[in-house]
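Below: the structure, in structure tokens.
The values are calculated or read from the model by the stated rules, or taken from the named source; none is laboratory data. Every value quoted in this text rests on a predicted model; they were computed, and no experiment measured them. No Cβ is skipped: glycine too gets one built from the backbone with ideal geometry, and neighbour counts run over all protein chains shown. Accessible surface is based on the protein model in full, side chains and every heavy atom, while ligands, DNA and RNA are left aside. Shrake-Rupley method; radii C 1.70, N 1.55, O 1.52, S 1.80 Å.
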Amino acid sequence: MNKRKELYRGKAKSVYLTDDKDLLILHFRNDTSAFDGKKIEQLDKKGMVNNKFNAFIMEKLEAAGIPTHFKSILNDQESVVLALEMFPVECVVRNIAAGSICKRLGIEEGIDLDPPTFEFFLKDDARGDPMINEYHINSFGWAGPEHVVIMKELSFAVNNVLKALFREGNMLLVDYKLEFGLHNGEVVLGDEFTPDGCRLWDVDTREKLDKDRFRQDLGDVVESYQLVGKRLGLNIN
Ligand code: ADP
Ligand code: UDP
């Protein structure tokens with residue numbers, strides 16, 4: 001399989017075509033962005049750490065029966081994935097209130113959400129990724145009603161697998177964002193699962209171990225991602 005031209009350059013990853021129409025190469029860059037791309041920095045080793053972290057998580061999900069796009073690691077910063085026709089929506093699951101839900105609803109950070117809650121957002125940086133509902137998705141044709149059902153089911157299935165996994169490493173999975181796409185009519189988990197797209201807190205101290213360290217200028221961003229890996233038994237250096 002050979003790498004061909006760049007198909008898309010996002011805020012943190014680049015996507016390359018390959019000579020196999022079913023496969024793409026995902027390149028995890030060191031670019032780190034927040035606030036819809038308004039804050040951007042280069043963090044040494046972040047691409048490598050996220051690439052390896054993502055591979056580890058995707059393999060766990062696949063083993064648990066969740067269809068993912070992940071195929072294999074190609075090198076430090078690149079992985080081979082199944083080419084998906086992405087839905088332009090983000091699926092967010094929340095176990096504990098943090099981030100935008102606190103601002104939007106005036107909720108105190110740290111409150112348990114029982115049962116966990118779910119939100120859809122439109123992938124549209126220019127409009128600040130607005131929150132949308134299922135009716136919007138259906139009316140505007142961003143995904144079919146049958147796909148919406150599966151995206152929600154798979155998002156909660158991911159929660160069951162990963163809440164337990166992170167708990168073993170003494171971490172709370174506060175919230176996370178997933179993206180899905182279609183491959184031959186099947187809804188498949190795409191994009192990434194890394195500390196860039198989720199919130200993870202230490203169980204005892206509630207110290208933030210995820211991208212909030214970057215958003216809130218807490219320092220040691222990549223070191224913290226490596227620590228999360230280490231707590232899961234993964235040494236990423
Ligand atoms: P953004 O587009 O939000 O800036 P990234 O920098 O992470 O995000 O760019 C990666 C892009 O690749 C995203 O738009 C994502 O939807 C897309 N993508 C992820 N996985 C796949 C896949 N398997 N097939 C096609 N596109 C994908
Ligand atoms: N998230 C993401 N990309 C986005 C928006 C959110 O990865 O474009 C993740 C974010 O890291 C967090 C969860 O989704 O783990 C919920 O984010 P929230 O809605 O609270 O937005 P934030 O305040 O983090 O921008």
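Give me the percent of accessible area attributable to carbon and sulfur for the chain, probe 1.4 angstrom.
49
What size of dipole, in debye to the nearest 20, comes out for the range 93-237 about its Cα centre when the only charges are +1 on Lys and Arg C-beta atoms and -1 on Asp and Glu C-beta atoms? Don't skip to the answer; put the middle values down first.
Numbers: 17 positive and 26 negative charges, 22 e Å.
Dipole magnitude for the range 93-237 comes out near 100 debye.
Less than 29 Å apart at the alpha-carbon level, and either on another chain or at least 8 residues along: which lysines does that give for LYS103?
List returned: LYS11, LYS13, LYS38, LYS39, LYS46, LYS123, LYS152, LYS163, LYS177, LYS208, LYS211.
Which of rounded, prolate or oblate describes the range 1-64 when judged by the alpha-carbon gyration tensor and an a/c cut-off of 1.5?
In terms of gyration-tensor shape, oblate.
Quote the charge dipole size of the range 9-85 about the Cα centre in Debye, to the nearest 20; the model charges only the Cβ of Lys and Arg (+1) and of Asp and Glu (-1).
Here the range 9-85 has a charge dipole of around 340 debye.
How far apart, in nm, are two points set 7 Å out from the Cα along the Cα-to-Cβ line at ASP19 and at ALA126?
3.8
With r as the distance between the Cβ atoms of SER72 and ASN2 and R0 = 22 Å, compute the FRET efficiency 1/(1 + (r/R0)^6) and round to 0.05.
That pair, ASN2 with SER72, gives E of 0.90.
Select from PRO67, PRO145, PRO195 the residue whose mean-square fluctuation is largest in a Gaussian network model of the chain (Cα-Cα springs shorter than 10 Å).
Residue with maximal mean-square fluctuation among PRO67, PRO145, PRO195: PRO145.
Taking 22 Å as R0, compute the FRET efficiency from the Cβ-Cβ separation of LYS39 and CYS102 and round it to 0.05.
The calculated FRET efficiency here is 0.70.
For the range 122-237, report the accessible area per residue in Å² (1.4 Å probe, heavy atoms, rounded to an integer).
Numbers: 5330 Å² over 116 residues.
Computed with neighbouring chains in place, this is 46 Å² per residue.
Rounded, prolate or oblate: which fits the chain, taking a ≥ b ≥ c as square roots of the Cα gyration tensor eigenvalues, rounded meaning a/c under 1.5, else prolate when a/b beats b/c? Before the final figure, lay out each step's value.
Values: a/c = 1.40, a/b = 1.09, b/c = 1.29.
Rounded.
Place +1 on the Cβ of every Lys and Arg and -1 on the Cβ of every Asp and Glu in the chain, take the dipole about the Cα centre, and give the residue among PRO145, ILE40, ASN170 whose Cα lies farthest towards its positive end.
ILE40
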